[in-house]
2 protein chains.
Amino acid sequence: MASVAPSGATGEPGGLRGSHAASVEDVRALLGLLAYTELTAFTRLAESSSQAPGLHERLRLARRASNAVERQEWVLARIEELGGDPEAEVAAFDRTYADYNDRTTPGSWWERLLKGYVGHGVADDFCRLAVDGLDDRSREVVLEVIRGGESDERSVAVLSAAAEADEVLASRLALWGRRLVGEALGVAQTLMTSRPALARLVADGAARRGVGGVDPSSPAEHVPWVLGQLTAEHTRRMGRLGLTA
Amino acid sequence: MASVAPSGATGEPGGLRGSHAASVEDVRALLGLLAYTELTAFTRLAESSSQAPGLHERLRLARRASNAVERQEWVLARIEELGGDPEAEVAAFDRTYADYNDRTTPGSWWERLLKGYVGHGVADDFCRLAVDGLDDRSREVVLEVIRGGESDERSVAVLSAAAEADEVLASRLALWGRRLVGEALGVAQTLMTSRPALARLVADGAARRGVGGVDPSSPAEHVPWVLGQLTAEHTRRMGRLGLTA
């Protein structure tokens, strides 16, 4: 894995690059991924709502599903402002999470909650790694969407309380979390190798963070660094639940 | 069935009654039903979105599902303004549509679209029959919610084009429509007999419309009139699709 060095300590300090390095096509691709991710979040939250154990949860999850649609529409509007066709940009990512979903069918309500927390967390972190070279407005939209999706303190509280009260459940969920993150990292890797626009944006982000030892003209070389970053964030996130990553 | 006569032609013209006849408890009950209906619409639309044949439909149905949540929240806010506990009012209707849903599993995408159109249409008409005695603000909220849910011109266009192009499909959908409305009328009847608040509001509406021949102190006697009204509206709705009710 490429070593992570502070900016300025390598031959390619981030500060020397233009602040808006990304092409508009690459920006639109990232926005397409983000909009598709929100659409997927909507579907997942709506499904959770219909299966919720009580009306209070059902209403709460319906509200969150609706918020995901709203966020998706901010992103679609930005794609349009950038001269893109919103539906085409989203369609380019159609079925991105299909394998992930097929391989991670939750066996319980807890597993379902954790799946959303882990999977959406990794997707958000991936977008965050790609955001540095975006124009200010697009960057603001991406970060706002990520912040909006993260606000599920309730899932954290419910999961960590359940894990604390039940050791067997806690170790099962820790195992489930490892399985989820393994599959999610697989999706990130596929995106990096199959979508040059995303690979360029992430490589740009790595360079701005002063990551040395990789050739910036070969974005795929940043894959190990990206997976390392995503894993570290995942570990931090599981820690918030009191679970071992 | 009680005859429908214009106001003033019977012994009990609507104009003689107070304009806000309904008790606040009865109003809250109707709002609870309406909010629950919107929650159900959300679940149905979200499910349709996840099963949609293409991304365009998937996005469109996600937007409609999200709108249903928004409408539901207007209603919950009104219940709160009226001093009620929104979740408790909605919970009182939990599983109202469960039997209806179990008995009407759609066999195709067309049947699914028609189910939403017919079932939600009957639910809206039922609320419309009960709205006359409400305070102005609650009445406005109910009618606004109904208008918002109705705006699915796209389903109408898609269904009527499909029915026009395929006679076999058209006769199957006509049959499916009759099955749906039969089940939906069963739900309306159950609500009238099991929920005195709704029966009172609907009886009040009937009296204001000048319906004669029934005893206003015995709201259950209005059931045949209500079913007749709902059937007439259903026939009109199927006509818009070019289908025989």
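Throughout, read-outs are computed from the coordinates displayed, never taken from laboratory work. For clarity, every value in this text was computed on a predicted model and none was experimentally measured. Here the Cβ positions follow ideal geometry from the backbone for every residue, glycine too, while neighbour counts run over all protein chains shown.
Magnitude of the Cβ-charge dipole of the protein assembly as shown, K/R +1 and D/E -1, about the Cα centre, nearest 20 debye?
Values: 56 positive and 70 negative charges, 112 e Å.
It works out to roughly 540 debye.
Output the relative contact order of segment B:38-179, whole-number percent, from Cα pairs under 8 angstrom with separation of 6+ residues. Intermediate results must be reported in sequence, preceding the final value.
Numbers: 83 pairs, mean separation 30.5, N = 142.
So the answer I get is 21 percent.
Under the definition of partner shielding as Cβ atoms of other protein chains within 10 Å of a residue Cβ, what is the mean value for peptide A:60-70? Provide the component values of the computation, followed by the final result.
Details: counts 0, 0, 11, 6, 1, 8, 12, 2, 2, 11, 4.
Going residue by residue through A:60-70 and averaging, the value is 5.
What number do you get for segment B:67-158 when its Cα radius of gyration is normalised by 2.2 N^0.38 Å, N = residues? Mind dumping the intermediate values first?
Numbers: Rg = 14.7 Å, N = 92, 2.2 N^0.38 = 12.3 Å.
For segment B:67-158, the normalised Cα radius of gyration is 1.20.
Starting from a label point 7 Å past Cα on the Cβ side, list the distances from A:ARG137 to the same position in the other copies, nm, shortest first.
3.9
Between the helical axis of B:109-129 and the dominant principal axis of chain B, each derived from Cα atoms, what acute angle in degrees is found, rounded to the nearest 10?
Relative to chain B, helix B:109-129 is tipped by roughly 10 degrees.
What is the gain in length, in nm to one decimal, between B:GLU164 and B:GLU150 on full extension, counting 0.36 nm per residue of separation less the C-alpha to C-alpha distance?
On the way: separation 14, 0.36 × 14 = 5.04 nm, distance 2.20 nm.
Here the segment from B:GLU164 to B:GLU150 would lengthen by 2.8 nm.
Rounding to the nearest 10 and keeping the result within 0 to 90°, find how far the Cα-based axis of helix A:223-240 lies from the longest principal axis of chain A.
Relative to chain A, helix A:223-240 is tipped by roughly 30 degrees.
State, to one decimal in nm and shortest first, how far the label point of A:HIS56 sits from each corresponding label point in the other identical copies (label point: 7 angstrom along Cα-to-Cβ).
Those label-point separations list as 4.4 nm.
For chain A, find the longest principal axis of its Cα atoms and tell me its angle to the long axis of helix A:196-208, 0 to 90°, nearest 10.
That helix lies at roughly 80 degrees to the long axis.
Please give the Cα centre distance for segment A:220-236 versus segment A:152-181, rounded to the nearest Å.
Their Cα centres are 22 Å away from one another.
I'm a student and want to see the number: the projected area of the Cα convex hull of the protein assembly as shown, averaged over all directions, in nm².
In nm², the orientation-averaged hull projection of the protein assembly as shown is 26.3.
In deg cm²/dmol, rounded to 500, what helix-only [θ] at 222 nm does chain A give when every DSSP H run of at least 4 residues adds -39500 (n - 2.57) and the total is split over its residues?
On the way: 10 runs with 174 residues, N = 245.
Rounded to the nearest 500, the figure is -24000 deg cm²/dmol.
Normalising by the residue count of segment B:92-240, find the relative contact order in percent from Cα pairs under 8 Å and 6+ residues apart.
With pairs under 8 Å counted, the relative contact order is 34 percent.
Count the net charge of all other residues whose Cβ sits under 13 Å from the Cβ of A:ARG58, scoring Lys and Arg as +1 and Asp and Glu as -1. Spell out each step's value before the answer.
Working: positive: A:ARG60, A:ARG63, A:ARG64, B:ARG95; negative: A:GLU47, A:GLU57, B:GLU38, B:GLU87, B:ASP94.
Neighbourhood net charge equals -1.
Decide, for chain B, between rounded, prolate and oblate: order the square roots of the alpha carbon gyration tensor eigenvalues as a ≥ b ≥ c, take rounded if a/c falls under 1.5, and otherwise choose prolate if a/b is larger than b/c, else oblate. If you can, show how the numbers build up before the last one.
Details: a/c = 2.11, a/b = 1.40, b/c = 1.51.
Here chain B falls in the oblate category.
State, to one decimal in nm and shortest first, how far the label point of A:THR231 sits from each corresponding label point in the other identical copies (label point: 7 angstrom along Cα-to-Cβ).
7.0
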